[in-house]
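Have a look at the structure below, then the notes.
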Amino acid sequence: MYRPDLKTSFWKEFFCKLDYLQLAAVGILLTAGLVFIRSIGGQIGSETALNFFPQQLKWIAVGLVVYFGFAVIDYRSVQCRIAALALYLFCLFLLVAVLLWGREINHASRWLVFGTFRLQPSEPAKFAIIVMLAVLFGSTGWKERKLQIFLLTLPTVGIPFLLIAKEPDLGSALMLLPIYFAMIFVAGLKWRYIVVVTVIAVIAAGIGIWDFTREKPLLLREYQQKRIRVFLDPKYDIQNSGHQPYQARLGVGSGGLYGKGIGNGTQNALGFLPQMAAHNDFIFSVIAEETGFVGVFGLLTAYALLFYTMLRTAFFAPPYGRLLAVGVTVMLFFHVFINIGMSMGVAPVSGLSLPLVSYGGSFVVITMAALGLLQSIKTH
């Protein structure tokens, strides 16, 4: 029989248990992103650039619906674990599809285009792999069949890794490694297995990047090799492949204590910073130039609060929830670290977005889904 009082009680309990500190951090970061996406669009002035802001608003609206949708569901249910497998298989299909039918932009086929909508399959794939690994490591038979399940996780991560690297999107592919290592560590895998996986990963990476003189390197294309050379030698090819990171560093360094004022930055407005990357890959450089140390400190404080809430959820969660929370935390942390590092010259350019701040539909929605899942862990 329908009991309206039970429904009211559910929603009352749900809103009482929400992590409002996480909500506040998410709100600050989304707002900061919108402010600077609008500022960058106004500086560029083209019709495409001016459309960045309304498009991002639409994606944030979708992301909020997804966020609360994931927060409401019980992540522990059997149906959610079945859905995790379905999501993983669907993402594998998308990764194959993008290799066959993806649109090539800037030397890479990373996007499936449906009219005006572009989907980057590597973004949902990272989330699907986290959920799938949590299901495997958090299964009831994990303690009795550690070796068998561990061997099953190798192709679970390895197949998407190869497909993403083939696009090529080596930055997103390499993102899977810290996620995997963190989750097998939290799962309690024996150290000898972790060492074996680490050695295999290092050897595989070394085969692809150790010799830049080969005509057809296994993992790295020519432009990727140049990015690494620019990272190791900032003055290398400064007129071409080294131009973007050099101008990004100038933007960060010229901000001073208080910055030049929102909308008054010169690196983007005068075209020194690539205008089609300023709102995405190098948005941190724009923020640093226009708001200075004070603005950057505020941005990093918001991220620190967000990661604090995520780790707090992981600490108090049961094993399955802890695995999910750790996987999501590591994914977002490395996105932040690499993106900011690109603008400061402490990481090679890799095309990773700044979570909740950079322009982009796929990553905004996936990030909101992942954070909504952490809310589900917290409320349940």
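See the values below:
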read-out	value
Cα→Cβ-extended label distance, 7 Å offset, between Arg192 and Met344, nm	4.0 nm
Dipole of the chain, positive direction: furthest Cα of Leu270, Leu352, Phe52, with charges on the beta-carbon	Leu352
Gain in span if fully extended, Asn240 to Thr140, counting 0.36 nm per residue against the direct Cα distance	30.6 nm
Leu89-Leu23 pseudo-label distance in nm [points 7 Å out on the Cα-to-Cβ vector]	3.7 nm
Cβ charges +1 (Lys, Arg) and -1 (Asp, Glu), total dipole of the chain, debye	880 debye
Value at 222 nm in deg cm²/dmol, rounded to 500, when DSSP H runs of n ≥ 4 in the chain each add -39,500 (n - 2.57)	-23500 deg cm²/dmol
Cα-based shape type of the chain, given that a ≥ b ≥ c are square roots of the gyration tensor eigenvalues and the cut on a/c is 1.5	oblate
Three-way shape label, region 278-377, alpha-carbon gyration tensor, a/c 1.5	prolate
Region 293-327 and region 35-112: distance between their alpha carbon centers, rounded to Å	21 Å
Shape call, region 36-121: gyration tensor on alpha carbons, a/c limit 1.5	oblate
Dipole axis of the chain (+1 Lys, Arg; -1 Asp, Glu on Cβ), positive-most option in Ser285, Gln43, Ile200	Ile200
Kyte-Doolittle mean at least 1.0 and Cα axial length at least 18 Å: DSSP H helices in the chain	20-44, 52-72, 78-101, 122-137, 146-166, 170-187, 191-209, 283-316, 319-344, 361-379
Furthest towards positive pole of dipole, Ala173, Val98, Phe10, structure part the chain, Cβ charges	Phe10
Separation of alpha-carbon centers, region 134-157 and region 15-29, rounded to whole Å	33 Å
Among Ala370, Ala182, Ala325, residue whose mean-square fluctuation peaks in a GNM of the chain (springs only between Cα atoms under 10 Å)	Ala182
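Read-outs: derived from the displayed coordinates by stated rules, not from any lab. Note that the structure is a prediction, hence the values are computed from the model and not measured. With ideal geometry, Cβ positions are generated from the backbone for all residues, glycine too; neighbour counts draw on all protein chains shown.
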